[in-house]
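The structure appears below as structure tokens.
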Amino acid sequence: YQPKYAFAASTALSVEALVRWVHPQRGFVPPLAFIPFDEQTGYIRRITLWVLERAIRQCADWNRAGRAVCVGVNLSARDLLQHDLPEAFEAMLARHGCAACWITLEITESAVLDEPAKALANLARLRATGCALSIDDYGTGYSSLSYVRQMPVQELKIDRSFVMNLLASPADEIIVRSTVELAHDMGLTVTAEGVETEAILRRLGVLGCDLAQGYFIGRPMTAGDLEGWMDSSPWAVPGHHRGD
């Protein structure tokens, strides 16, 4: 689970559930070494359902224990075209006693391109469960704003490629600032990915970003380690960058 820092007051911590594979012989296998293969073979559906189940269960456990946490889970383009996904998602929520509003489902902006009618219909059904929807890696896909405005999303996540060189590249700052303004005009929350220094985090705050995610705030960690981070890290406190 990788935490996100909230620039303004927030009652819940937001985290993203990320799959990691530690092989008994090969050691750590990075996601890019197996996720594309799983997408090509269709095995990604089993992985997604496994991650969803564990993330929903953990989210419910945290909230029952008095820790207000919202969890984001990634969906692939293949996942989005599965007609029974909304029913499977609702069944998991009921099974673990997890409120739908505690879960955010993240999709890439290009995920709707192959079969837009089917993908948008499934997004509407998922949104009807009460969960939030987010466009991940915004700015790197090939979709147009006409698709973005049709998607029933509540969040845009600015891709790390525009964030990591924010202070050195005026063009990247223009893209980030314009994206934040556009998203806010559309009533959406904005998360910046790839935040690796405090200077970048503070600049994002000036530009009006809502949430920040990256190694500076916290690396992906186990549930137990995340609980330790919540209790000890100053970046678990919303608005910490202002010295509140």
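Could you give the size of the charge dipole of the chain about its Cα centre, using +1 on the Cβ of each K and R and -1 on the Cβ of each D and E, expressed in debye and rounded to the nearest 20?
Numbers: 22 positive and 29 negative charges, 82 e Å.
Using only the charged Cβ atoms, the result is roughly 400 debye.
As a test, work out the antiparallel percent of DSSP beta bridges whose residues both lie in the chain, rounded to the nearest 5. Please list the in-between numbers first.
Working: 8 of 31 bridges.
Around 25 percent of the beta bridges assigned by DSSP in the chain are antiparallel ones.
Can you tell me which of 152-164, 18-30, 175-187 comes out highest on packing, and rank the rest after it, using the mean Cβ neighbours within 10 Å?
Numbers: 152-164: 20.9, 18-30: 10.1, 175-187: 15.8.
Descending packing order for the listed peptides: 152-164, 175-187, 18-30.
Could you list the square roots of 5 times each eigenvalue of the Cα gyration tensor of the stretch 112-201, that is, the equivalent ellipsoid semi-axes, sorted largest first and rounded to whole Å? Please report the intermediate quantities before stating the final value.
Numbers: eigenvalues 142, 36, 25 Å².
Semi-axes, largest first: 27, 13, 11 Å.
With +1 on each Lys and Arg Cβ and -1 on each Asp and Glu Cβ, and nothing else charged, work out how big the dipole of the stretch 41-100 is about its Cα centre, in Debye to the nearest 20. Please list the in-between numbers first.
Working: 8 positive and 6 negative charges, 47 e Å.
Value, rounded to 20: 220 debye.
Tell me the carbon and sulfur percent of the accessible area for the chain, rounded to whole percent, probe radius 1.4 Å. Kindly include the intermediate steps, with their values, before the conclusion.
Numbers: 6270 of 11690 Å².
C and S atoms contribute 54 percent here.
Go through 223-230, 61-68 and give me the packing order, highest mean Cβ count within 10 Å leading.
Details: 223-230: 15.4, 61-68: 13.6.
Per-residue Cβ counts within 10 Å, averaged per peptide and sorted highest first, yield 223-230, 61-68.
Find which of GLY194, ALA68, VAL206 sits farthest along the positive direction of the dipole of the chain, computed with +1 on the beta-carbon of Lys and Arg, -1 on that of Asp and Glu, about the Cα centre.
ALA68
What 222 nm value per residue comes from the helices of the chain, counting each DSSP H run with n ≥ 4 as -39,500 (n - 2.57) and dividing by all residues, nearest 500 deg cm²/dmol? If you can, show how the numbers build up before the last one.
Values: 10 runs with 101 residues, N = 244.
Roughly -12000 deg cm²/dmol at 222 nm, from the helical runs in the chain.
Using percent of Cα pairs over 31 Å apart as the read-out, say which of (1) 31; (2) 21; (3) 40 was calculated from these coordinates.
Among (1) 31; (2) 21; (3) 40, the one derived from this structure is (2).
Quick one: which of 208-218, 117-127 comes out on top by average Cβ neighbours within 10 Å, and what's the full order, highest first? Before the final figure, lay out each step's value.
Values: 208-218: 20.8, 117-127: 17.1.
Per-residue Cβ counts within 10 Å, averaged per peptide and sorted highest first, yield 208-218, 117-127.
Taking the Cα centre of the stretch 97-162 as origin, sum charge times position over the Cβ atoms of Lys and Arg (+1) and Asp and Glu (-1), and report the length of that vector in debye to the nearest 20.
Values: 6 positive and 8 negative charges, 49 e Å.
Charge dipole, the stretch 97-162, about its Cα centre: 240 debye, nearest 20.
The values are calculated or read from the model by the stated rules, or taken from the named source; none is laboratory data. If you're wondering where the values come from, they're calculated on a predicted model, not measured in any experiment. Here Cβ is always computed from backbone atoms with ideal geometry, including for glycine, and neighbour counts include all displayed protein chains. For accessibility, only protein heavy atoms count, side chains too; no ligands or nucleic acids. Shrake-Rupley method; radii C 1.70, N 1.55, O 1.52, S 1.80 Å.
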